[in-house]
Amino acid sequence: MKRVHWKALLLRPQFFALAAVLLINWLLFPGFFDITLQDGRLFGSVIDVLNRGAPVAILAIGMTAVIATKGVDLSVGAVMAIAGAVAAVLVTGGASAVVAVAAALAVGVLCGLWNGVLVTYLEIQPIIATLVLMVAGRGLAQLVTEGSIVTFSDPVLIFIGTGAVLGMPMPIVIASVLAIGATLIVRKTALGLLIEAVGVNRSAARFAGISSGLLLMVVYTFAGFCAATSGLIVAGDIRGADANNAGLWLELDAILAVVIGGTSLLGGRFSIPMSVVGALIIQAMNTGILISGFSPEFNLVVKSGVIILILVLQAPMVAQSLRKRFTAERKA
Amino acid sequence: MVVGAEPVVQARGIVKIFGQHRALDGVDFSVRPGEVHALLGENGAGKSTLIKILTGAYQPDGGEVILDGAAVRFSDPLDAQRHGIGTVYQEVNLLPNRSVAENLFLGHQPTRFGIVQRRVIEARARELLAGYGLEIDVRAELGSYSVAVQQIVAIARAVELSGKVLVLDEPTASLDRNEVAKMFEVVARLKARGLGIIFITHFLDQVFEIADRVTILRNGKLIGTKALSEVTATDVVRMMLGKDLAFDHGGVGVAEAVQGPVRVEFKSLGRQGKVAPFSLALHEGEVVGVAGLLGSGRTEMARLMFGVDSADGGEISVGGKVVSIRNPAQAVAAGFGFCPEDRKLDGIFGELSVRENIIIALQAKLGWFRALNRDEQNEIAGSYAEALDIRAADYEMPVKLLSGGNQQKAILARWLAIDPNFLILDEPTRGIDVGAHAEIVRTINRLREEGLALLVISSELDEVVAYSNRIVVMRDRAMVAELSGADIAPSVIVAAIAENQGGRA
Amino acid sequence: MNRALRPLVATTAIFALAYLAAVVQFPAMFSTRVMGNFLTDNAFLGIAAVGMTFVIISGGIDLSVGAVIGFTTVLNAVLIMWLGLHPLLAFAISLGVAAAFGAVMGAAIHYLKVPSFIVTLAGMFLARGGASVLSPDSIGIKHELYTTISKSYILLPGGGRLTVIGMIMLLVFAFGIVLAHRTRFGSYVYALGGSEVSAGLMGVPVARTTILIYTLSATLAGLAGIVFSLYTSAGYSLSALGVELDAIAAVVIGGTLLTGGYGFIAGTFIGVMLQGLVQTYIVFDGTLSSWWTKIVIGGLLFLFILLQRLVFSAAAPRRKVFWKT
């Protein structure tokens, strides 16, 4: 009987990358690992990395499952904006926070269902199907907010973005709960295996009696739900809904996080925790660039460098020659 | 045919090895100018590998290709084309989204100041096609024409650019009778022009109609090259299916009719254009073999039974109760299993582990929420892997790293794990090593003894004969014979398949 | 009718009807003045969309065009204002840089065998980031050439103005139409979109064509950046945000199949004009808000994706063939 090898897990390159980025941050800024407790909430750069990384981490959780089925969801950034807008407009209109949160999540689920129907039943390629909502979604969010930034003072919504539980900021708590919950659900039920099977070989999945239609619907719907959750956090953080900028380009960060986490864009094997690690690597780089005084846009250059590195490492030619060298060394 | 002319292209002692599998083992082949040479063999016999070597898509691991008397090595199909060997594939490798004229001249369009001279191309295209008896609007999208027209456009392009040898890879597979006749007119014209034509097909009657010589491959080996005037259809079928010509004695199989209760019954199941309605009942503890050539409707029959394609009409009952099977999930729920012919495409999950490949159908049947835990999975995978002798260093390794035979056993294990009522095996022993082959045949016999109902499609005749209680013969997309008892003999099967195939049967 | 033409006909009809409806409501919209503004205001989008059309016909996608436009505006501004180069020299350098950038992306797509959307995503990050590294702030461009160009136009009957940048866009479309439909390169682009395997077997130089396609797209995005800097007289790293999405929408609405193989440069022109019409209508209306543009464009995008599925998933009609007997 095999158990998870914790040692092997921790030896994955993603953890080295994360450690390296954190180390560089510490060298640049010796107080990086300092953590203080103020007003019942933890503060410090490391906490900041976790806190700021939470929205992308949450998107990445949903995106992981989508990519595992050989799909992609380009609309999650726009869905974040819609969900934030719905919640903000509802609470400013006098609805209770519970109603606002529920409505925002429901709208996210609806967006996910829309994508799912396009992909599953109309059989439109995922990248094209989700492009529709990516283009129109921000317009819909602006329609909800009527073009202005809707600010609110509802304590519950603000708590979602800035509050803390036992000293831990809410975004971190929510992301952790979602990550652990989603991981348990996919691994304790058969969902994870069936998703991987559909992603690896959809035809063989059909022959093996797997109904992939419902599975795809669930996966896209879950991605919509995650996007809405992320949208609530971002809205709560700035105490308002900014339909133009909330979640802007975060779909690309989420895809990047998933890819860094080792899930292939060609579908198949996936790991939700590793995608979260990928999101943290991205955020740790962001934070490092900020504290070292570069402009935040410099981030984009670094990110493109990371993508290029991954692409080169994963390229069939390079992978083959690496494998050859590796086996040669083992034989030697 | 120019008798005794020097071959225009010749392959000598060709060997091609993929991994540990010898796809071609010392094959000789030649085409003379003005000759139509048919190449026959079942899937996996090595036809396409030989063609790919002749046309530069593969490099041989042994032997040589000789063109006009000199040894050549083509770097790719374009290189072969420049040397005079053109190929037309079954799935026309042209561009359906572009005009006929452009498909004929792509890459060679005449230009003036960088601007393509469209009128010149169109005029030349019309002229060229007229030479093939085809008058069509050459400005129209190629995809808007029938496959037959597309094939002829492809032939015209290939001949225009090569001019010595034309390889036709199953050009008639999706054509109707009239279209085949037109295609043969074209082939006859080219033959008269002195081209050497290699014709690959699985329609025996067409071979007898058009070809001068035939070469038969089986399991990567050359079985023989014959002038068609010297052989009968029965000879050819025998060469394609039998291990040797001497095994022709009846009654080598189990040959007992099974009287047990009916396990599954298919009544007038059929699908337009795929397979004519058929009825078949399988008893407990019975193996029904399916014999027939490629394209006879044997795989289509299995796909209908398993709900991969939906039937136009008919009824399926299991243990006397009518069930609805519109998709494979319903088939699995009814206790059916299906090892498909194309393992890589429809069978294995390459990246997933051996364990996961074995338990996946059972898990799909159990549903999302009744997940097998790791201990159960290990136990199921381990016991079936052991029973079938799956040779893997570790059941956690990706199944794609296993040999073909072990992959096949893993798929078989997958279906045994659901404890099936009825199992369909489509070419279960093709392209696998001798050891795995024997193991699978042993398993078929064991499962029969345990009371399972099995349908086994195989082009290995002596093998089918050995384990079948009954044999159904497929021909021209219909079930044409049902053999039992003493009739289960290769000679009877060959006769049933070869009937009405060409004038000299 | 050729089925590939159907989406194009639909687009043209929708544009004509929409314009007619707009004119009935606001007669002032039927004037050369408005039409001239259509061209001027959408020039940069139109130019970039021509490049995008080639990319999409070949079966790829280019997410980097907006970022390359932004980068080019900044590079231009830096070369002209900080280094004191003549604008024409600056234009040449910018186009060269953009072309090289596209060539590298094309090579990466072909040789690394990665989906184009990932490679051009990296390109988008790199170009946006590079622009901000050059200058995070907007740089105003003051040069007599800029003033001359922005003052030059051809007066159309009815008081409309055909500006230089409007003319550049029209020229680019004309160039694109010839390139796509009348050259070998154009036929190679369609061939790649039809089937890369078949194209390779038929002798299309797949690597060279792929690299050239992305070079063309990036060069045109660079030209769009120059036009944008002429239009705004500034260079700013965040300019033309999201233009890649508008360009993709224009291409698809113009009847180009998102999965490649079919499409028209002229259709893209109508797609761009349709977007301009929606914006102009919203301005004329006064009560509608700008976000309706995105919603309408998204809706049209959906409509056309659906239309394409219906047209192209149905089995191709078989033509009657006359066999000589």
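Laboratory data are not the source of any read-out in this text; all were calculated from the coordinates shown. This structure is a prediction, so every number in the text was calculated from the model and none was measured. Note: ideal-geometry Cβ built from the backbone for every residue, glycine included; neighbour counts use all protein chains shown.
Hey, what number do you get for chain A at 222 nm if only DSSP H runs of n ≥ 4 count, each worth -39500 (n - 2.57), divided across all residues, to the nearest 500?
Result for chain A, helices only: -24000 deg cm²/dmol.
What residue among C:R208, C:R182, C:R33 has the largest mean-square fluctuation in a Gaussian network model of chain C, using Cα springs under 10 Å?
In this elastic network of chain C, the residue with the biggest mean-square fluctuation among C:R208, C:R182, C:R33 is C:R182.
Taking the alpha-carbon centroid of each part, what is the distance from the stretch B:417-474 to the stretch B:356-384 in angstrom?
Computed from Cα coordinates, the inter-centre distance equals 24 Å.
If we count other beta carbons within 10 Å of each Cβ, what is the order of B:K365, C:K151, B:K221, fewest first?
Placing the least packed residue first, the sequence is C:K151, B:K221, B:K365.
Over chain C, calculate the relative contact order: mean separation of alpha carbon pairs under 8 Å at least 6 apart, over the residue count, as a percent.
Reported relative contact order: 35 percent.
Taking the Cα centre of the stretch C:5-312 as origin, work out the dipole magnitude from +1 charges on Lys and Arg Cβ and -1 charges on Asp and Glu Cβ, in debye rounded to 20.
About 360 debye.
Expressed as a whole number of Å, what is the distance separating the alpha-carbon centroids of the stretch B:66-95 and the stretch A:253-268?
41 Å
Please give the net charge around A:L59, taking every other residue with its beta carbon less than 12 angstrom from that of A:L59, where Lys and Arg add +1 and Asp and Glu add -1.
Taking every other residue near A:L59 into account, the sum is -3.
Could you put B:D476, A:D39 in order, starting from the residue whose Cβ has the fewest other Cβ atoms within 10 Å?
Lowest count first: A:D39, B:D476.
Could you size up the charge dipole of the stretch A:54-293 around its Cα centre, putting +1 on the beta carbon of Lys and Arg and -1 on that of Asp and Glu, and report it in debye to the nearest 20?
Here the size comes out at about 580 debye.
Averaged over its residues, how many other protein chain Cβ atoms are within 10 Å of peptide C:285-295's Cβ atoms?
4
Averaged across A:189-202, how many Cβ atoms of other chains sit within 10 Å of each residue's Cβ atom?
That average works out to 5.
For the charge dipole of the stretch A:160-260, defined by +1 on Lys and Arg C-beta atoms and -1 on Asp and Glu C-beta atoms about the Cα centroid, which residue among A:G213, A:P171, A:A254 has the Cα displaced farthest towards the positive pole?
Final value for the positive-end residue is A:G213.
Hey, what did chain B get for relative contact order, percent, Cα under 8 Å, at least 6 apart?
17 percent
If you count, for every residue in B:342-351, the Cβ atoms of partner chains within 10 Å of its Cβ, what is the mean?
What the average comes to for B:342-351 is 5.
For chain B, what does the helix formula give at 222 nm: sum of -39500 (n - 2.57) over DSSP H segments with n ≥ 4, over the residue count, nearest 500 deg cm²/dmol?
Rounded to the nearest 500, it is -10000 deg cm²/dmol.
Take A:L122 and A:W26, extend 7 Å from each Cα along the Cα→Cβ direction, and tell me the distance between the two endpoints in nm.
A separation of 5.1 nm, rounded to one decimal place.
When the chain is fully extended, how far beyond the present Cα-Cα distance does B:R446 get from B:R73, taking 0.36 nm per residue of separation?
Net length gain for the segment: 129.3 nm.
Which one of C:A250, C:A99, C:A21 has the biggest mean-square fluctuation once chain C is modelled by GNM with Cα springs under 10 Å?
Checking each option, the largest mean-square fluctuation is seen for C:A21.
Summing +1 for each Lys or Arg and -1 for each Asp or Glu, what net charge is found among the other residues whose Cβ lies under 10 Å from the Cβ of B:G451?
-2
Which of these, A:Q283, A:Q38, A:Q125, has the largest mean-square fluctuation under a Gaussian network model of chain A (Cα springs below 10 Å)?
Fluctuation is largest for A:Q38.
Using Cα pairs closer than 8 Å and at least 6 residues apart in sequence, work out the relative contact order for chain A, in percent.
Relative contact order comes out at 31 percent.
By DSSP, what percent of the beta bridges with both residues in the protein assembly as shown are antiparallel, rounded to the nearest 5?
60 percent
Put a dot 7 Å past each Cα toward the Cβ at B:S174 and C:M167; how far apart are the dots in nm?
Calculated label separation equals 5.2 nm.
What is the order of C:Y190, A:Y121, B:Y384, fewest Cβ neighbours within 10 Å to most?
Ranked by crowding around the Cβ, least crowded first: A:Y121, B:Y384, C:Y190.
Report the Cα centroid-to-centroid distance between the stretch C:35-92 and the stretch C:221-297 in angstrom, as an integer.
Between the Cα centres of the stretch C:35-92 and the stretch C:221-297 lies a distance of 13 Å.
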